[in-house]
Structures are given as C-alpha cells and as structure tokens.
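Pasting in a structure now, in structure tokens, and then I'll have a few things to ask.
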Amino acid sequence: MKIACILGSPRKSGNSATLAAHFLKAAGELGAESSTFHLNDLDYRGCQACYACKKESECCVLKDDLSGVLDTVRTSDILVLATPVYFGEVSGQLKLFIDRTFSFLKPDFMARSDPSRLAPGKKLVFIISQGQPDATLFADIFPRYEHFLHWFGYGDSHLIRACGVVRKDDIKNQPELIGQAERLAVELVS
C-alpha cells in the first residue's frame with residue numbers, strides 16, 4: 001500500500017505534521033510505503049487556469065516542484081492532507097496544491113458519473129489543526145474539500161481534527177488524537 005502525505009504547514013514539526021507522522025509510523029509498521037512532501041520547501045505555482053489538462057494533456061502541464069508530487073498522489077492508495085487553519089482556511093501552501101489537482105478531473109467532469117482520471121478506491125485522511133479551541137468554528141473546511149476530493153474517487157474519507165493547539169508541541173498534550181491517528185492507520189492499512 002502506498003501513501004502520499006502532503007504537509008501544508010510551514011512548520012516541519014508542527015501539530016498537523018506531528019499527527020501525520022504518527023499516522024505514517026503506524027502505517028509503516030504494517031508495511032505501507034509512504035512519501036511525504038513538505039510543501040513549504042517546494043517551488044511551485046497554483047493553477048494557471050490554462051485548461052491544458054482538459055485539452056491537450058491528461059496531467060498538469062506546469063513543470064515545477066509540484067509535478068512529482070502530483071505523480072505520487074496519482075499512484076498512491078491513501079492521500080494524507082495535513083494543514084493548520086490560517087484565517088479560517090487551509091494554509092496557502094495546501095490551497096495551491098489542491099488547486100493543481102484540478103488536472104485529476106476529466107475534461108467533461110461535471111457531466112460524468114466517473115469524473116476522475118485517478119483509479120477508484122483511494123482513501124483520504126484530512127488532518128486539521130487549529131489554535132481556536134471552539135470546534136464549531138471552521139468546521140466547514142473538511143466538508144467543503146471532501147466534496148471536491150470525492151470527485152477524484154476519495155469516497156473513503158476521514159477527518160482528524162485538533163482544536164486549541166497553538167504552540168508547536170501542543171498536540172503532545174492530546175494523546176487521544178495521536179491515538180486516533182494511529183488507530184486510523186491500522187484500520188486503513190490492515
């Protein structure tokens with residue numbers, strides 16, 4: 001089983017990245033192979049609305065550091081997206097990545113029952129950390145992105161959400177969330 005892990009935080013060992021690391025460690029102990037991409041280290045642009053991926057190409061025609069990441073996601077069985085909440089939204093780094101996944105959709109995706117160029121049966125793990133302790137705030141992030149990612153064939157999707165984690169190591173004080181990440185890895189990989 002192959003896992004692509006996309007880290008959207010500029011902090012390499014921030015709260016969302018720490019939860020992702022626990023998921024990947026548990027999955028690796030069961031034999032899963034993972035590739036992790038720290039988006040803040042990459043040089044890439046967002047979607048340019050050129051529609052080349054809907055006309056002359058089946059993949060994004062931009063050639064930058066995100067090209068290989070998109071290829072890895074295309075061939076993975078599980079996609080892990082990990083992000084902090086910035087101003088009520090995923091990080092800018094992750095949003096640029098998500099916009100580039102537009103290339104995963106077929107040209108006439110809105111009119112099709114099979115809109116995705118990706119193989120069916122993929123699984124999604126969405127990890128969100130937010131400093132705001134009120135869980136009713138920003139609860140709309142996952143459902144919005146889950147809707148779009150469902151088009152790609154990620155019908156089996158899971159959320160791990162940490163609220164009230166401000167400092168970089170705050171997640172270590174929430175062992176129940178670390179356990180949730182580890183248990184989910186066992187469930188999805190076994």
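Using the Cβ atoms and a cut-off under 12 Å, what net charge is assigned to the surroundings of Ala185, where Lys and Arg are +1 and Asp and Glu are -1?
Summing Lys and Arg as +1 and Asp and Glu as -1 gives 0.
Let me ask something else. How much length, in nm to one decimal, is gained on full extension between Asp71 and Glu58, taken as 0.36 nm per residue of separation minus their Cα-Cα distance? Numbers along the way, then the final one.
Details: separation 13, 0.36 × 13 = 4.68 nm, distance 1.15 nm.
Full extension from Asp71 to Glu58 adds 3.5 nm.
Hey, what did the chain get for relative contact order, percent, Cα under 8 Å, at least 6 apart?
Averaging sequence separation for qualifying contacts and normalising by length gives 29 percent for the chain.
Between Glu146 and Asp134, what is 0.36 nm times their sequence separation minus the Cα-Cα distance? Round to one decimal in nm.
The span from Glu146 to Asp134 would gain 2.2 nm if fully extended.
Taking just the C-alpha trace of the chain, give me its Rg and Dmax in Å.
16.1, 50
A further question on this structure: Would you mind checking Lys2/Lys63; Lys2/Lys54; Lys122/Lys168; Lys2/Lys123; Lys12/Lys63; Lys55/Lys122 for any pair whose Cα atoms are more than 19 angstrom apart?
Result: Lys2/Lys63; Lys2/Lys54; Lys122/Lys168; Lys12/Lys63; Lys55/Lys122 exceed 19 Å.
Along the charge dipole of the chain, Cβ charges K/R +1 and D/E -1, which of Pro133, Gly164, Ser103 sits furthest on the positive end?
Sorting the options by dipole projection puts first Ser103.
What residues have an amide H closer than 5 Å to that of Ala162, excluding those fewer than 5 places away on the same chain, when H is modeled at 1.01 Å from N in the peptide plane?
Ile128, Ser129, Gln130
On to the next question. Assuming R0 = 45 Å, can you tell me the calculated FRET efficiency for the pair Asp169 and Glu33, based on Cβ-Cβ distance, to the nearest 0.05? Don't skip to the end; give the middle numbers.
Values: r = 28 Å, r/R0 = 0.62.
Efficiency, rounded to the nearest 0.05: 0.95.
Normalise the Cα radius of gyration of the range 1-106 by 2.2 N^0.38 Å (N = residues in it) and let me know the number.
Taking N as the residue count of the range 1-106, the ratio is 1.09.
Assuming 0.36 nm per residue, please report the length gained on full extension of the stretch Glu187 to Asp108 beyond their Cα-Cα distance.
Fully extending the segment from Glu187 to Asp108 adds 25.0 nm.
Dividing the Cα radius of gyration by the Kirkwood radius, what Rg/Rh value follows for the range 90-190? Provide the component values of the computation, followed by the final result.
Working: Rg = 15.6 Å, Rh = 15.3 Å.
Checking Rg against Rh, the ratio lands at 1.02.
Turning to a different aspect of this structure: Taking a probe of 1.4 angstrom, what is the accessible area of Glu187 in Å², to the nearest 10?
120 Å²
Run the dipole for the range 9-146 about the Cα centre, Lys and Arg Cβ at +1, Asp and Glu Cβ at -1, nothing else charged, and hand back the magnitude in debye, nearest 20.
So the magnitude is around 160 debye.
Let me ask another. Under a 5 Å amide H to amide H cut-off, with H placed in plane at 1.01 Å, what residues pair with Val125 once short-range neighbours are removed?
Residues meeting the criterion, in which the H sits 1.01 Å from N, are Leu79, Val80, Leu81, His158.
Taking 8 Å as the Cα distance limit and 6 or more residues as the minimum spacing, I'd like the relative contact order of the range 83-181 as a percentage. List each step's numbers first, then the result.
Details: 118 pairs, mean separation 29.4, N = 99.
Once normalised by length, the contact order is 30 percent.
Give me the percent of DSSP beta bridges within the range 66-176 that run antiparallel, rounded to the nearest 5.
15 percent
Can you list residues from other chains, or at least 5 along the same chain, whose modelled amide H is less than 5 Å from the amide H of Tyr86?
Ser91
The values are calculated or read from the model by the stated rules, or taken from the named source; none is laboratory data. The shown structure was predicted, so the numbers you read here are calculated from the model rather than taken from an experiment. Positions of Cβ are generated from backbone atoms using ideal geometry, with glycine treated the same way; all protein chains shown enter the neighbour counts. The area values use the complete protein model at the heavy-atom level, side chains included, leaving out ligands, DNA and RNA. Shrake-Rupley method; radii C 1.70, N 1.55, O 1.52, S 1.80 Å.
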